[in-house]
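Right, one structure below, let's go through it.
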Protein chains: 2
Amino acid sequence: MAEISASPLHIVRTQSLASLVAGELERMILSGELPPGSRLNEQALAARLGVSRGPVREAVRGLDRSGLVVTVVNQGSFVRQLSVEEALDVFDLRAALIGYACERLAGRATKEELEELSRLVREMDVAAEADAAAQYFALNITFHNTLMSMGGSQRAVRFYGDLGKELTLIRRKGLVAPERMRESNGEHMAILRGLLAGDAQAARAAGEAHIRGGKQRFLALPLDNGAAPATAPRRRQQPA
Amino acid sequence: MAEISASPLHIVRTQSLASLVAGELERMILSGELPPGSRLNEQALAARLGVSRGPVREAVRGLDRSGLVVTVVNQGSFVRQLSVEEALDVFDLRAALIGYACERLAGRATKEELEELSRLVREMDVAAEADAAAQYFALNITFHNTLMSMGGSQRAVRFYGDLGKELTLIRRKGLVAPERMRESNGEHMAILRGLLAGDAQAARAAGEAHIRGGKQRFLALPLDNGAAPATAPRRRQQPA
DNA sequence: GGCAGGAGTTCTGTTGACAGTTTTCATTTC
DNA sequence: GAAATGAAAACTGTCAACAGAACTCCTGCC
């Protein structure tokens with residue numbers, strides 16, 4: 001049961017084990033290896049990762065704070081199950097944050113920053129035309145993170161990122177049609193136009209409109225209702 | 001050194017020690033008992049609170065996530081020192097969040113919710129006329145939190161609260177003039193008008209304007225540059 | 001057949017102890 | 001007198017073990 005060898009946890013000592021465990025757990029959650037509702041057994045995780053329960057506990061609490069995990073006293077921690085309503089709230093919040101970043105960036109973006117954003121939009125255009133959904137998806141995340149980094153504060157970047165990770169808890173079946181990619185990238189271009197023109201209000205409005213568009217595209221997707229494999233006899237699932 | 005008795009930590013067992021310790025540490029930080037830059041010695045805190053290092057460690061990491069504390073590997077955790085620039089960023093973020101909450105609330109506030117907000121504004125009006133700064137301050141926080149709870153999502157409420165706590169790290173010398181209180185409450189009334197009219201855009205604009213006003217009032221205050229008492233020979237301070 | 005009750009197991013919450021790193025401080029050297 | 005050196009102290013990171021709560025599953029009862 002204890003798969004210690006292949007883990008990267010035994011190499012680095014320059015950062016704490018807890019942060020490494022946190023990264024690994026986050027990867028497992030975002031990849032779907034630990035699906036929403038599944039339990040995070042401290043002992044089992046510790047054994048699996050070849051560390052003791054201390055760092056695992058610390059990592060799990062961190063994920064709780066960032067919103068990926070829900071903890072109940074004396075019962076344990078579970079991968080968060082995001083309802084559609086909560087997901088819509090997340091979109092609204094992200095819209096507010098993107099708007100904030102766009103507004104701030106419009107007044108102070110450097111030539112280099114604008115060029116980088118333009119480049120990303122062009123690359124997304126290529127990906128959309130080639131129907132390369134995975135590549136578009138990755139570029140899209142990069143674009144958003146770059147935008148937030150340039151326009152937002154450190155805190156805003158992290159919060160926005162946390163919210164984005166939350167969405168992967170429900171976004172599962174996101175097979176995107178090329179038409180949707182073009183639509184999405186069109187909104188990116190609108191943001192870029194606002195930034196290039198130095199029009200803070202236009203950039204903000206475009207940013208918010210883009211997230212609202214994403215919200216609509218999300219709603220249009222068929223909901224992936226688990227179909228839990230249930231191979232292992234998991235004992236406890238998340239309550240409520 | 002070990003003041004165990006008066007602490008409320010020994011009574012409750014229905015929630016984890018770590019959460020109780022976190023609450024106590026937060027209180028100590030917000031009250032200024034642990035000023036920015038000061039070190040959080042795990043051993044000393046554990047002894048002082050009558051628990052072991054585990055829960056203390058967990059609590060400190062939680063505070064790190066929420067922004068009140070900064071942790072350096074192998075060096076420890078320190079109460080965060082907020083620069084003026086960071087504080088201004090926080091105001092901007094809070095403006096975006098309040099705007100988001102006001103916009104959402106305008107469309108769906110119930111009669112009871114509007115009445116509660118109106119009541120708070122009236123009470124603040126009384127406090128401002130009576131020059132009761134402490135009471136105004138408390139009511140103001142309640143108003144903001146109520147507004148966020150009604151209009152925002154769970155996540156937004158917590159994030160907004162975290163940002164507010166961060167501001168106390170620098171806001172220290174906030175002796176408020178009655179004139180400022182009236183000004184601030186006038187902005188509250190503008191928000192209320194927007195909500196009562198069901199005008200989402202007006203409510204949002206008023207919410208953002210209020211936080212911008214708070215930002216200006218913050219900038220107008222004299223900065224309280226520590227004047228660290230340095231009674232005890234504290235060993236280490238926060239680097240950088 | 002379904003349901004209440006209780007022993008056994010599992011797992012979390014907490015503690016105390018050990019190892020390694022960082023800091024402190026006295027001593028030496030220039 | 002100031003900088004370098006090295007030993008001692010302090011503290012963090014990690015681990016292993018214990019106590020108590022929660023869950024599971026079996027047994028007995030209706």
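The values are calculated or read from the model by the stated rules, or taken from the named source; none is laboratory data. Just so we're clear, the structure is a prediction, and the values are computed from it rather than from any experiment. All Cβ positions, even for glycine, are placed from backbone atoms using ideal geometry, and neighbour counts span all protein chains on display. What goes into the accessible areas is simple: the full protein's heavy atoms, side chains included, and nothing from ligands, DNA or RNA. Shrake-Rupley method; radii C 1.70, N 1.55, O 1.52, S 1.80 Å.
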### Task
Can you tell me the 0 to 90 degree angle between the C-alpha axis of helix B:133-151 and the longest principal axis of chain B, rounded to 10?
70
#### Entry: Global geometry of region B:122-225, whether rounded, prolate or oblate, following the gyration tensor of its Cα atoms and the 1.5 cut on a/c
oblate
### Query
Calculated FRET efficiency, residue B:201 and residue A:52, Cβ-Cβ r, R0 41 Å, to nearest 0.05?
0.15
### Task
Please report the buried accessible area for the interface of A with B, total over both chains, probe 1.4 Å, in Å² to the nearest 100.
2600
### Message
For chain A, place one equal point scatterer on every Cα, skip the solvent, and apply the Debye formula. What is log10 of I(q)/I(0) at q = 0.09, 0.12, 0.17 Å⁻¹?
### Response
-0.45, -0.77, -1.23
### Query
With a ≥ b ≥ c the root eigenvalues of the C-alpha gyration tensor of the protein assembly as shown, is it rounded (a/c under 1.5), prolate (a/b larger than b/c) or oblate?
oblate
### Task
Kindly give the distances from residue A:145 to its copy-mates, label point to label point, with each label point 7 Å from Cα along Cα→Cβ, as nm values to one decimal ordered shortest first.
3.5
### Query
Which FRET efficiency, nearest 0.05, do residue A:135 and residue A:219 yield, Cβ-Cβ r, R0 22 Å?
0.35
### Task
Specify, per residue and in Å³, the volume enclosed by the convex hull of the alpha carbon atoms belonging to region A:8-79.
83
## Note on the structure
Per residue convex hull volume, Cα only, region B:52-185, in Å³ is 141
### Other copies of residue A:118: label-to-label distances in nm, shortest first, labels 7 Å along the beta-carbon direction
5.4
#### Entry: Solvent-accessible area per residue for the protein assembly as shown (1.4 angstrom probe, square angstrom)
50
### Query
Round to a whole number: what % of the accessible area of region A:84-220 belongs to carbon and sulfur, probe 1.4 Å?
55
### Task
Indicate the residues belonging to region B:93-114 that lose 40 Å² or more of solvent-accessible heavy-atom surface (probe 1.4 Å) upon moving from the chain alone to the assembly of all protein chains, ignoring ligands and nucleic acids.
B:93, B:96, B:100, B:104
### Query
Over chain B, what is the relative contact order in whole percent, taking alpha-carbon pairs under 8 Å and six or more residues apart?
24
